[in-house]
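For reference, the structure discussed in these notes is given below.
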Amino acid sequence: MAVSVVMPALEMAQETGKLISWLKKEGEQVRKGDMLLEVETDKAVVEVEAAADGVLAGITAKPGDVIQVGRTIAWLLKAGESVPSDASTSAPTGRTTRISPKARKLAQEKGIDISRITGTGPGGEILAEDILRSAGTDLQVGPQTAEPSSIGRLMAERTTASWTTVPHFFVTRHVDAGALNEARARIVAGGTKATHTDLLVSAVARALKKHPRLNASWKESAVVVHDRVNIAIAMAVENAVVTAVIPDADTLDIWAIADIRAGLADRAQSGRLHPGDIKDGTFTISNLGMYGVDTFTAIIVPPQVAILAVGAIADRVVAVDGRPIVRPMLTLTLSCDHRVVDGARAAEFMRDLTALLAE
């Protein structure tokens, strides 16, 4: 039976996806698991696998098209099959017009048909300047306003929604990172390019097993406690931040974590994350230590209920047995959703995480 190729939903609340490229040609034999197409979501570019064996046929979308999730854009056919006669009913009808909110409002006010306008923004997005130019309005010389990309706009919307609707509170611990440094040095000496983030992923995953309330989600006024510990790592890419996920981190040794994290980082930087790379995170770590940041607070990634902000390891004078001594210190700040986590639970998690980092 012919198998339809549809625009996948790769993120929560995703309504459309932008087709970047086909990785197979029309008429080419495809095997299940082959990378079939590249799709840009609001967070990243991901490669999508073929769901079945077959010959790629009936392609109705071209690179650059913005397509509704669930719409059929091609078919995988077995020998003797042809594209279903009703395929056109499920195929995209054409490219969706991308237009900024400000431009849409201007177009409505001036009665301008946006279908006749060629956008000059990212990916052909119609900007306010395009509407004014079409209306014959002189563009006044003055401060230049940059329209954010679709990824930047969604990041702004999500962080604003999180900050204004999630009741955040913060718990901070100053941690002696001597044992952490020594552990990393031993692992690196053994030939594995482990980072401090890898060690933190391992320790956080183990701490979450003891404190499952922090490995949870807030969904529709209910708490969902997850049975898997999937640690998301915030990674900076061009003009955005993505959260790539290490699934089942509590079951992995440090070598496996380092290997998976390195692969995620490479794919994130090249814009080639896979769908599974950004799915189902249950807790996020944001590490700005490599930028020399001492301490910061991070905004929770809904529907998760906590995120750990990690600062730089730096030598500081601390009191040990009543005497001043210089030690490598690390500041950790936990942001929590007060609807799910109370102060005592957060403090206990940080206490146990600190103990794990001292091992």
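Tabulated values for the structure
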| read-out | value |
| --- | --- |
| Where Asp294 falls short, out of the listed (1) under 17 Å from the mean Cα position of the chain (by Cα); (2) touching a residue at least 12 places away in the same chain (Cβ under 8 Å) | (1) |
| Among (1) surrounded by 14 or more Cβ atoms within 10 Å (Cβ to Cβ); (2) under 18 Å from Thr354 (Cβ atoms); (3) of a type in the set (Phe, Trp, Tyr), the one test that Trp255 misses | (2) |
| Qualifying residues in segment 258-272 (those that are of a type in the set (Lys, Arg) and modelled with pLDDT under 95) - the one surrounded by the fewest Cβ atoms within 10 Å (Cβ to Cβ) | Arg272 |
| Segment 265-315 - residue that is in a loop (DSSP other than H, G, I, E, B) and among the charged types (D, E, K, R) and, of those, farthest from Ala156 (Cα to Cα) | Asp294 |
| Residues being at pLDDT 70 or above and farther than 18 Å from Val242 by Cα - total across segment 123-162 | 12 |
| Whichever residue in segment 223-240 is surrounded by fewer than 17 Cβ atoms within 10 Å (Cβ to Cβ) and in contact with a helix residue (DSSP H, G or I) (Cβ under 7 Å, 6 or more places away or on another chain) and, among such residues, is farthest from Val201 (Cα to Cα) | Asn239 |
| Condition met for Pro328 (within 27 Å of Ala177 (Cα to Cα) and either touching a strand residue (DSSP E or B) at 6+ places or on another chain (Cβ under 8 Å) or buried (at least 23 other Cβ atoms within 10 Å of the Cβ) (or both)) | yes |
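The values are calculated or read from the model by the stated rules, or taken from the named source; none is laboratory data. All values reported here derive from a predicted model rather than from experimental measurement. Every residue, glycine among them, receives a Cβ derived from its backbone with ideal geometry; neighbour counts consider all protein chains shown.
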